[in-house]
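Heads up: the structure comes next, in structure tokens.
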Amino acid sequence: MVPFAAKFIAFFTSLILMFQAFWALPDIDSQKTDFDEVKNVIFMIGDGMGFNSLEKTKAENGVSLVMDTFELNGRSRTSSANSPITDSAAGGTALATAVRTSNGALGVYMTDKKNQVSHPMNLTELAISMGKLAGVITTDSTAGATPASFSVHVADRDYEDQITAQQLAGDLTVMWGGIAGSFTAEAAAEYGWTHIYDEESMNAVEEGSRSFGQFTSALWHAQSTDGMPTLAEMTEKAIDLLDDDEDGFFLMVEGAHIDKHNHNKDGENMKDAVMSFDAAIAVALEYAKAHEGTLVVVTADHETGGILKIAGDYVYSSGGHSAFNVPLLVYGCDDFINDGQSILNTEIARRVACAMGEPNFPIEVSVQS
Ligand SMILES: [Zn+2]
């Protein structure tokens, strides 16, 4: 296929998908609040994971994915409040709070980015308000946009010191990811966190303690590298630390590097990151199958790379994000979506809250002066 033809097809495909994103039929289920109730939630986000990231991995590596075994499959429509193409901050905020904000903003309304009047509650805060334990784990820096969406309320994803400060002062039980520049072990100790930094120190964390993980960037590989845990190992240990509370738990798991490698059009490493994320999903699914009342939701914040199938090959049409719909896989709540249904990214968060027993999500939280 000549490059021009590929670009031509890519252009028209994006036009159609952008049109779909705006001209969405009203969702007849968006008023529904009585979903099967669950005790535990494992919310898994493959950053930048479009359908063709998965198809490319399967076709070129000759593998099957645990993601293909979910019986309930739908699609998420990922636009942000100010663009048909979202970034991970607005995309994460929609999945965490059921509110669409502008690109770059984390857990705040686009009309009140400095959080002077109010902000939308996120799902980890909702879980904690219900007496559950909550955790956030990622292969990205802990200050990355997706983990930050589930743990802070900050005007801009670039304000890394504010993000880390809010996380340290917050109420999560597990907060693990790559090193954030403004993290210090002294500050973590002041707030009562156990500081962990490799697989050995992670495995030594005891139930009842709160741990802040600062691992190196070797975190995302499907196989353990440089003494770092894999995302699957992190998921297993995090569930183990969270699941003894009788009120249940909420855990967000992000595979961040599907996005990062798609930005670089680096298909080889992207496929490794998909396999790493899929292995973490296997851990979550195995737990859910053994523990009734556990909801597993797998989705993406957006697609990255504009990967298209052209003449039998999966090829990159861009080095950025696209408006493509992304996968939505559900286990443990049979009426969460109708099979094949396409819903808004915000609607995923609202339905998770409903399944947790909160029918009035999103929730506006006033900021006391
Ligand atoms: Zn990205």
Expected single match for modelled with pLDDT under 95, within 25 Å of Phe51 (Cβ to Cβ) and aliphatic (A, V, I, L, M) among Ile337, Ile307 is Ile337
Among (1) crowded, with 22+ Cβ neighbours inside 10 Å; (2) on the phi > 0 side of the Ramachandran plot, Gly208 falls short only on (1)
Picked from the range 62-94 (must be away from the ligand (no atom under 13 Å from the Cβ), of a type in the set (A, V, I, L, M, F, W, C) and touching a residue at least 60 places away in the same chain (Cβ under 8 Å)), the residue farthest from Ala284 (Cα to Cα) is Ala94
Scanning the range 333-369 residue by residue, the ones that are under 18 Å from the mean Cα position of the chain (by Cα) and either on the phi > 0 side of the Ramachandran plot or within 16 Å of the ligand (Cβ to nearest atom) (or both) total 1
* So Asp158, is it in a loop (DSSP other than H, G, I, E, B) and within 15 Å of Gly92 (Cβ to Cβ) -> yes
Looking across the range 258-305 at residues that are within 16 Å of the ligand (Cβ to nearest atom) and of a type in the set (D, E, K, R), the single one that is most open to solvent (accessible area, probe 1.4 Å) is Lys265
Conditions (1) open to solvent by less than 50 Å² (accessible area, probe 1.4 Å); (2) in a loop (DSSP other than H, G, I, E, B); (3) modelled with pLDDT of 95 or more; (4) away from the ligand (no atom under 16 Å from the Cβ) -> Phe35 fails only (3)
Only one of (1) at pLDDT below 60; (2) in a helix (DSSP H, G or I) does not apply to Ala24, and that is (2)
Selection over the range 120-148 where residues are within 15 Å of Ser366 (Cβ to Cβ), touching a helix residue (DSSP H, G or I) at 6+ places or on another chain (Cβ under 8 Å) and open to solvent by 10 Å² or more (accessible area, probe 1.4 Å) yields a count of 1
Of the residues in the range 138-160, those that are in contact with a Pro (Cβ under 8 Å, 6 or more places away or on another chain) and either on the phi > 0 side of the Ramachandran plot or among the β-branched types (Val, Ile, Thr) (or both) come to Thr138
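The values are calculated or read from the model by the stated rules, or taken from the named source; none is laboratory data. Source: prediction; values computed, not measured. Positions of Cβ are generated from backbone atoms using ideal geometry, with glycine treated the same way; all protein chains shown enter the neighbour counts. Just the protein is used for accessible areas: all its heavy atoms, side chains included, with ligands, DNA and RNA removed. Shrake-Rupley method; radii C 1.70, N 1.55, O 1.52, S 1.80 Å.
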